[in-house]
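Undergrad: Please see the structure below; I have some questions.
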Amino acid sequence: MRTFALNTIQIDINNLSSGKIMKKILSFFTALLMSTEIIATEPISLHDITGGKFSATYVNGINPIKGTDEYARISNEGDKIIKYSFKTGKETGILFDTNDIKAIDLHRISDYVISPDGATLLIETERKRIYRRSFTAEYYIYNVKDKSVKKLSENGAQQIPTFSPDSKHIAFVRNNNIFITDGATETQVTTDGKKNEIINGIPDWVNEEEFGFNNAMAWSNDGISLSWIKYDESKVKTVSLQLFKGDKPAQKDYVDYPGEYTYKYPKAGHDNSVVSAWCYNLTNGKTAKYELPLDKDGYIPRIKTIPASEKRGYSTIIIYTMNRHQDVLRLYEANPLNGNCRIIIEESVPKYVKEEAMEAISFTKDHIIIPSDRDGFMHTYLYDYNGKMIKQLEKGDYDVTSIYGYDEKNGTIYLQAAAESPMNREVYAVYKNGTKKKLSGQSGWNSAVFSGDFKYFINIWSNRNTPYVFSVCSNTGKALRIMEDNKELKDKLAKYNLAEKEMFSFVTSEGIKLNGWMLKPTNFDATKKYPVVMFQYSGPGSQQVTDSWNIGSMGQGGMFDYYLTQKGFIVVCVDGRGTGARGSEFEKCTYLKIGDLESKDQVEAAIWLGKQPYVDAGNIGIWGWSYGGFNTLMSMSEGRKVFKAGVAVAPPTNWKYYDSVYTERYMRTPEENPTGYATNPIDRVNNLHGALLLCHGVADDNVHPQNSYEYAEAMVQADKDFKEILYTNRNHSIYGGNTRNHLLRQIATFFEKELK
């Protein structure tokens, strides 16, 4: 706290009346109190950050009901599933209430699935996580009309229960095999499922992680057949992660001797799972393999149910295929009655097809919407089921970033785009005649959830200094009501007198314009020089420099970054080459050489910062997590000695250690691209400059601790000093108990020691 010296105040009492003297004194002390109030703000604590004190209220779990202006949502208490009107927000009915179920002791509802006809619910309880998207759970079948309930299966927990389009059957996976039930009889469809060998209906680790899905089954629209992807991972090499007793939670099986978790993980250039597509006919009980053209070592990244059509019939499904280089995506219409597959669309773009674009492909009764960056920016294209492109729906020098839906009745597509700025997002309607209308009202970051009939949407808006505001709007953009404005969080934050986040841009020595944000200490003095902590992620297509509340190294409006400003640091983040929303040329320029340009740009950012009059150029640090940890090491060993200290959390240190799908998308295989793979932190270790803290979870199934172990060994042999912290039994997220609090304190303390 700043102190004030009273003897510096000079008041000429000889020339002032007693009243004036009193007024002067009162004025001074009023100013003093006001200044003290501003400066003596409440400190931010790490426990408050990791404990969620600054978490914004987010209206989760909005499930639009198809074809209606209603949505369903689990109650805050987790005991009811309630229907609401989009327009009014008023409750329109209760779909499920645990209080109505007396015969079965249901635990808190974790999720639910509504049958296509709305007559049945699947109630999810006792979820147990496997990987990022996969989990097992116990499910209950609930009849909305008579309120009866029973277990989906009595034979153990299930995965991905999936209703048939006619609502008569539910398919699910247990122990790598597929089962189908009509609620009374359970039929086992596959029998060859075996851990670490054969998986039916759910993706293996790498397909789940890098293609972003957990359900590899698809019903035909007539409900007669079930199709699925089969993964033969018997030739995929295994990874074993060592487990210990630990704490929070304690692993009682490993009190005296450690255990291990072993699973299949294909690394760059090594064998992937052999994939194939299969179908089961409920009418005759026969199983058949699809005659699907597939490149050697190719992928089947999706299998989809599509709307019924009299033109096509009711039985066909869509199967995606992709070559190992991931630059050619093919969509096949597959007939489960005879196993025939007909190619309808081939998407081939330079370098690679973005996973986000593939994920956003959508199907209506008569049309397919394909996102593509074929013209240099991500736009939307309308096709029919014969593979004929009807038209490009919108165009311009901007990227479409999400597709919310296509209203086939009037030819309107609703989407999100970065049309005004790469740092912003807007919600648009693009009409049949090609005109585009912005539906979101405020500049910043907007996203949307549309009603099932496209008449209304919930707009989620924030900017870098304002937490989320949830507004209900008409499909013309007219605001109707506020659902949540996070006033409580705003009032809480006001007590901390936080400096506003500043956006800036600069041009590198290579003529590249880069965008960034900056946080300064609350009592910033432009005449002083401050140490700087730079945070970045830098991975392909990512963005950290956005005008959104999600800004900051640890989210929550950047509260950990504000914590560092309390320690006297300026905190900065710069998005370098390879990051998103600036077109394919900017994003894909790192192809075959990831880490090279990204690290150069962070060095250039540090050099630019060092020229600012308020920056101590000799005390600049850098840190990051995952890809950000990788680029921290790359930047510290780039050759130009601009970083005095750095922290790398869970970093890849050589891309040959990382998984095949992600790595080869950007690098191809080590055999094809030896030069690109040789540009890595381990091979650069002799060039590393600055103090280093290395952190890793010992049970990280994503970026294996092997990466840090091998880097640490390289540092030892290069005779370089460093600090290393390993977190027992923790995965890539490094959390549980006091773990996250401990990690953030180590980062902050390390920079305090090394940069001051």
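The values are calculated or read from the model by the stated rules, or taken from the named source; none is laboratory data. On a predicted model such as this, the values are computed, not experimentally measured, just so you know. No Cβ is skipped: glycine too gets one built from the backbone with ideal geometry, and neighbour counts run over all protein chains shown.
Undergrad: How many residues are surrounded by fewer than 19 Cβ atoms within 10 Å (Cβ to Cβ), over 25 Å from ILE734 (Cα atoms) and among the charged types (D, E, K, R) when one looks only at the stretch 112-152?
TA: 6
Undergrad: So, LYS289, is that one at pLDDT below 95, surrounded by fewer than 15 Cβ atoms within 10 Å (Cβ to Cβ) and more than 21 Å from GLY212 (Cβ to Cβ) or not?
TA: Taking the combined requirement at face value, the residue does not satisfy it.
Undergrad: What are the residues in the stretch 330-365 that are small (Gly, Ala, Ser) and under 21 Å from GLU585 (Cα atoms), if any?
TA: Across the stretch 330-365, the qualifying residues are SER348, ALA357, ALA360.
Undergrad: Select from the stretch 377-412 the residues that are free of Cβ contacts under 8 Å to residues at least 60 places away in the same chain, within 20 Å of GLU587 (Cα to Cα) and of a type in the set (D, E, K, R) and list them in ascending order.
TA: Within the stretch 377-412, just LYS395 meets the criteria.
Undergrad: With respect to ASN523, determine if the residue is of a type outside the set (Ser, Thr, Tyr), farther than 30 Å from SER440 by Cβ and surrounded by 13 or more Cβ atoms within 10 Å (Cβ to Cβ).
TA: So ASN523 passes the test.
Undergrad: Go through ASN155, ASN99 for me and flag whichever is under 20 Å from ASN76 (Cα atoms), exposed (fewer than 13 other Cβ atoms within 10 Å of the Cβ) and touching a residue at least 12 places away in the same chain (Cβ under 8 Å).
TA: ASN99
Undergrad: Follow-up question, since we're still on this one. What number of residues within the stretch 225-238 satisfy the criterion of being out of contact with any Pro (no Cβ under 6 Å at 6 or more places or on another chain), within 25 Å of TRP278 (Cα to Cα) and without any contact (Cβ under 8 Å) to a residue 60 or more places away in the chain?
TA: 7
Yes/no matrix, rows are residues, columns are (1) without any contact (Cβ under 8 Å) to a residue 12 or more places away in the chain; (2) of a type outside the set (Asp, Glu); (3) in a strand (DSSP E or B); (4) within 25 Å of ASP204 (Cα to Cα):
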site: THR663; (1), (2), (3), (4): no, yes, no, yes
site: THR669; (1), (2), (3), (4): no, yes, no, yes
site: GLY676; (1), (2), (3), (4): no, yes, no, no
site: ASP700; (1), (2), (3), (4): no, no, no, yes
site: VAL703; (1), (2), (3), (4): no, yes, no, yes
site: ALA712; (1), (2), (3), (4): no, yes, no, no
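Undergrad: Another one. Consider LYS513 carefully, then state whether it is charged (D, E, K, R) and either in contact (Cβ under 8 Å) with a residue 40 or more places away in the chain or in contact with a helix residue (DSSP H, G or I) (Cβ under 7 Å, 6 or more places away or on another chain) (or both).
TA: no
Undergrad: Moving on. Could you list, in sequence order, all residues of the stretch 469-517 that are small (Gly, Ala, Ser) and either more than 19 Å from GLN544 (Cβ to Cβ) or surrounded by 14 or more Cβ atoms within 10 Å (Cβ to Cβ) (or both)?
TA: Once the filter is applied, which keeps residues that are small (Gly, Ala, Ser) and either more than 19 Å from GLN544 (Cβ to Cβ) or surrounded by 14 or more Cβ atoms within 10 Å (Cβ to Cβ) (or both), the stretch 469-517 yields SER471, SER474, GLY477, ALA479, ALA494, ALA499, SER509, GLY511, GLY516.
Undergrad: Has the stretch 422-434 got any residue that is outside any loop (DSSP other than H, G, I, E, B), touching a helix residue (DSSP H, G or I) at 6+ places or on another chain (Cβ under 8 Å) and modelled with pLDDT of 95 or more?
TA: No, the stretch 422-434 has no match at all.
Undergrad: Restricting the search to the stretch 667-723, which residues are out of contact with any Phe, Trp or Tyr (no Cβ under 6 Å at 6 or more places or on another chain) and at positive phi?
TA: Answer for the stretch 667-723, where residues must be out of contact with any Phe, Trp or Tyr (no Cβ under 6 Å at 6 or more places or on another chain) and at positive phi: ARG668, ASP719.
Undergrad: Exactly one of these conditions fails for GLY118: (1) under 20 Å from GLU70 (Cα atoms); (2) small (Gly, Ala, Ser); (3) in contact with a strand residue (DSSP E or B) (Cβ under 7 Å, 6 or more places away or on another chain). Give me its number.
TA: Only one criterion in (1) under 20 Å from GLU70 (Cα atoms); (2) small (Gly, Ala, Ser); (3) in contact with a strand residue (DSSP E or B) (Cβ under 7 Å, 6 or more places away or on another chain) is unmet by GLY118, namely (3).
Undergrad: For the stretch 715-740, which residues satisfy the criterion of being part of a helix (DSSP H, G or I) and either surrounded by 16 or more Cβ atoms within 10 Å (Cβ to Cβ) or of a type in the set (Ser, Thr, Tyr) (or both)?
TA: Once the filter is applied, which keeps residues that are part of a helix (DSSP H, G or I) and either surrounded by 16 or more Cβ atoms within 10 Å (Cβ to Cβ) or of a type in the set (Ser, Thr, Tyr) (or both), the stretch 715-740 yields MET715, THR739, ARG740.
Undergrad: Return the residues of the stretch 661-676 that are more than 12 Å from LYS593 (Cα to Cα), in contact with a helix residue (DSSP H, G or I) (Cβ under 6 Å, 6 or more places away or on another chain) and not β-branched (Val, Ile, Thr); say none if nothing qualifies.
TA: Within the stretch 661-676, TYR662 is the sole residue that qualifies.
Undergrad: Could you say which residue among GLU394, GLU346, GLU356, GLU333 is in contact with a strand residue (DSSP E or B) (Cβ under 9 Å, 6 or more places away or on another chain) and under 22 Å from MET667 (Cβ atoms)?
TA: Unique residue meeting the criteria: GLU356.
Undergrad: So, in the stretch 417-434, exactly how many residues are under 11 Å from ALA448 (Cα atoms) and among the acidic types (Asp, Glu)?
TA: 1
Undergrad: Just give me the residues in the stretch 318-363 being polar (S, T, N, Q), touching an Asp or Glu at 6+ places or on another chain (Cβ under 8 Å) and either without any contact (Cβ under 8 Å) to a residue 24 or more places away in the chain or surrounded by fewer than 17 Cβ atoms within 10 Å (Cβ to Cβ) (or both), in sequence order.
TA: ASN340, SER348
Undergrad: How about the stretch 79-103: which of its residues are touching a Lys or Arg at 6+ places or on another chain (Cβ under 7 Å) and aromatic (Phe, Trp, Tyr)?
TA: Those that are touching a Lys or Arg at 6+ places or on another chain (Cβ under 7 Å) and aromatic (Phe, Trp, Tyr): TYR84, PHE96.
Undergrad: Take the conditions in contact with a Phe, Trp or Tyr (Cβ under 8 Å, 6 or more places away or on another chain), within 17 Å of TYR383 (Cα to Cα) and surrounded by 14 or more Cβ atoms within 10 Å (Cβ to Cβ) and apply them to ILE300. Does it pass?
TA: No.
Undergrad: Among the residues of the stretch 201-241, write down those that are in a strand (DSSP E or B), of a type in the set (D, E, K, R) and either buried (at least 18 other Cβ atoms within 10 Å of the Cβ) or under 23 Å from the mean Cα position of the chain (by Cα) (or both).
TA: LYS230 - this is the single residue of the stretch 201-241 that is in a strand (DSSP E or B), of a type in the set (D, E, K, R) and either buried (at least 18 other Cβ atoms within 10 Å of the Cβ) or under 23 Å from the mean Cα position of the chain (by Cα) (or both).
Undergrad: Which residues, counting only those in the stretch 613-642, are buried (at least 18 other Cβ atoms within 10 Å of the Cβ), assigned to a loop (DSSP other than H, G, I, E, B) and more than 26 Å from the chain's Cα centre (by Cα)?
TA: SER637, GLU638, VAL642
Undergrad: Cβ-Cβ distance below 9 Å, separation of 6 or more or different chains: which pairs start in the stretch 239-258 with a residue that is in contact (Cβ under 8 Å) with a residue 12 or more places away in the chain and end on one that is assigned to a strand (DSSP E or B) and buried (at least 16 other Cβ atoms within 10 Å of the Cβ)?
TA: VAL239/TYR263; VAL239/LYS264; VAL239/LYS267; SER240/TYR263; LEU241/TYR263; GLN251/LEU243; PRO258/LEU243
This table checks each residue for (1) in contact (Cβ under 8 Å) with a residue 12 or more places away in the chain; (2) in a strand (DSSP E or B); (3) in contact with a Ser or Thr (Cβ under 7 Å, 6 or more places away or on another chain).
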{"residue": "LYS53", "(1), (2), (3)": "yes, no, no"}
{"residue": "GLY89", "(1), (2), (3)": "yes, no, no"}
{"residue": "LEU106", "(1), (2), (3)": "yes, no, yes"}
{"residue": "LYS128", "(1), (2), (3)": "yes, yes, yes"}
